[in-house]
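What follows is a short report on a single structure.
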Amino acid sequence: EPEVTQTPSHQVTQMGQEVILRCVPISNHLYFYWYRQILGQKVEFLVSFYNNEISEKSEIFDDQFSVERPDGSNFTLKIRSTKLEDSAMYFCASAGGAGNQPQHFGDGTRLSIL
Amino acid sequence: AQSVTQPDIHITVSEGASLELRCNYSYGATPYLFWYVQSPGQGLQLLLKYFSGDTLVQGIKGFEAEFKRSQSSFNLRKPSVHWSDAAEYFCAVGAGGAQKLVFGQGTRLTINP
C-alpha cells in the first residue's frame with residue numbers, strides 16, 4: 001500500500017537555526033498538510049497546500065514557517081529561525097482529493113530544539 | 001468552530017475484554033469523522049471513517065464506530081481486544097477530506113494480560 005514518507009525521523013537543531021522537514025506524499029495525491037504534536041498534547045493543524053499554494057493555515061503557522069513543493073514528489077516544511085517551543089513531532093499528510101478522501105499520515109519527524 | 005472531546009485520557013482493559021472509546025464532536029454541518037491509531041514511535045494510521053450513509057462503520061483490525069447525530073458522538077468499539085491494540089487513539093473531525101482535521105486529545109489504551 002502506498003505510504004507517506006518523512007525524513008529525517010529525528011532532527012536535533014540549535015535554537016535560531018533553520019530546519020527543513022521533508023515529506024514524500026502518496027504519488028497521485030493532490031492535497032498536502034503539515035500537523036504537529038507537542039509532547040503530551042493533541043495533534044494540531046499547521047497548514048494545507050493545494051495547487052501549489054497554501055489553502056489554509058493556522059495561527060501557529062507564522063512568518064517563521066513556510067512550505068514548498070519544489071518538484072513533483074517532495075513537500076517540505078521550513079522553519080527559518082527555530083525556537084525552543086518548536087520542539088514537537090511534525091506529521092505530513094496527503095489526500096487524494098476533496099470529499100470522501102481521508103488523509104494519510106507519515107510516521108513523523110521528531111524535532112528537538114536545543 | 002470544530003472541536004473534538006475525548007473524555008478518557010487513559011483506559012486500561014484486560015486482553016479479550018470489550019472496548020469502547022468515547023468521542024464527542026462539535027461541528028455546525030454534517031461532519032466527516034475519523035479514528036486514527038498511533039503506536040509508539042509511529043505515525044497516525046487510519047482505522048475508519050464516516051462520511052455519510054450507514055451510521056455504523058467498520059474499520060481495520062476489527063474496530064467499528066457508530067455515528068450518533070443526536071448525541072454528537074462517534075464512539076469506537078471492539079468486541080475483544082488484543083495486546084497489540086495497546087496504542088494511542090485519536091478521534092478527528094473534518095469538513096471534508098481536503099479540509100483540515102481537528103483532533104481530540106487522544107485516549108491511551110493499555111492492555112492487561
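Observations on the model:
- The smallest convex shape that holds all Cα atoms of the protein assembly as shown, its convex hull, gives 123 Å³ per residue.
- Dipole axis of chain B (+1 Lys, Arg; -1 Asp, Glu on Cβ), positive-most option in B:PHE63, B:PHE74, B:VAL13: B:PHE74
- Over the protein assembly as shown, accessible surface divided per residue gives 48 Å², non-protein components excluded, 1.4 Å probe.
- Under 30 Å from B:LYS61, Cα to Cα: lysines that are on another chain or at least 8 residues apart: A:LYS42, B:LYS49, B:LYS78, B:LYS100
- Gyration tensor (alpha-carbon) shape descriptor, region A:51-98, a/c threshold 1.5: prolate
- Taking chain A as a Gaussian network of alpha-carbon nodes connected by springs under 10 Å, the highest mean-square fluctuation of the residues A:GLN17, A:GLN64, A:GLN41 belongs to A:GLN41.
- Given charges at beta-carbon only (K, R positive; D, E negative), |dipole| of the protein assembly as shown in Debye: 220 debye
- Computed over the Cα atoms of region A:28-108, pair by distinct pair, the Kirkwood hydrodynamic radius stands at 13.2 angstrom.
- Stretched out straight at 0.36 nm per residue, the stretch from B:ARG77 to B:SER52 would grow longer than its current Cα-Cα span by 7.1 nm.
- Theoretical FRET efficiency, 1/(1+(r/R0)^6), r = Cβ-Cβ of B:ARG22 and A:LEU84, R0 35 Å, to 0.05: 0.55
- Residues of region A:59-107 buried by at least 50 Å² on assembly (accessible area, 1.4 Å probe, chain alone as reference): A:ASN100, A:PRO102, A:GLN103, A:PHE105, A:ASP107
- Surface share of carbon and sulfur [accessible, 1.4 angstrom probe, percent] for region B:11-113: 46 percent
- Buried on assembly, region A:13-49 (at least 20 Å² less accessible surface than by itself, 1.4 Å probe): A:TYR33, A:TYR35, A:GLN37, A:LYS42, A:VAL43, A:PHE45
- Apportionment of accessible area to carbon and sulfur, chain A, percent (1.4 Å): 45 percent
- Remark: spin-label model distance B:THR110-B:ASP8 equals 1.4 nm, labels positioned 7 Å along the Cα→Cβ axis.
- When the inverse distances between all different Cα atoms of chain B are averaged and flipped, the Kirkwood radius reads 14.0 angstrom.
- Buried accessible area, chains A and B (both chains, 1.4 Å probe, Å² to nearest 100): 1800 Å²
- As a ratio to 2.2 N^0.38 Å, the alpha-carbon radius of gyration computed for region B:32-86 takes the value 1.18.
- When only the Cβ of Lys, Arg, Asp and Glu is charged (+1, +1, -1, -1), the dipole of chain B relative to its Cα centre reaches about 240 debye.
- Region A:56-85-region B:19-51 distance, computed between alpha-carbon centres (Å): 25 Å
- Full extension of the chain segment joining A:GLU53 with A:LEU114 gains 18.8 nm, where the gain is 0.36 nm per residue of separation less the Cα-Cα distance.
- Debye, to nearest 20: dipole size of chain A, +1 on Lys, Arg Cβ, -1 on Asp, Glu Cβ: 160 debye
The values are calculated or read from the model by the stated rules, or taken from the named source; none is laboratory data. Quick caveat, the model's predicted, so the values are computed rather than measured. Every residue, glycine among them, receives a Cβ derived from its backbone with ideal geometry; neighbour counts consider all protein chains shown. Surface areas here come from the heavy atoms of the whole protein model, side chains and all, with no ligands, DNA or RNA. Shrake-Rupley method; radii C 1.70, N 1.55, O 1.52, S 1.80 Å.
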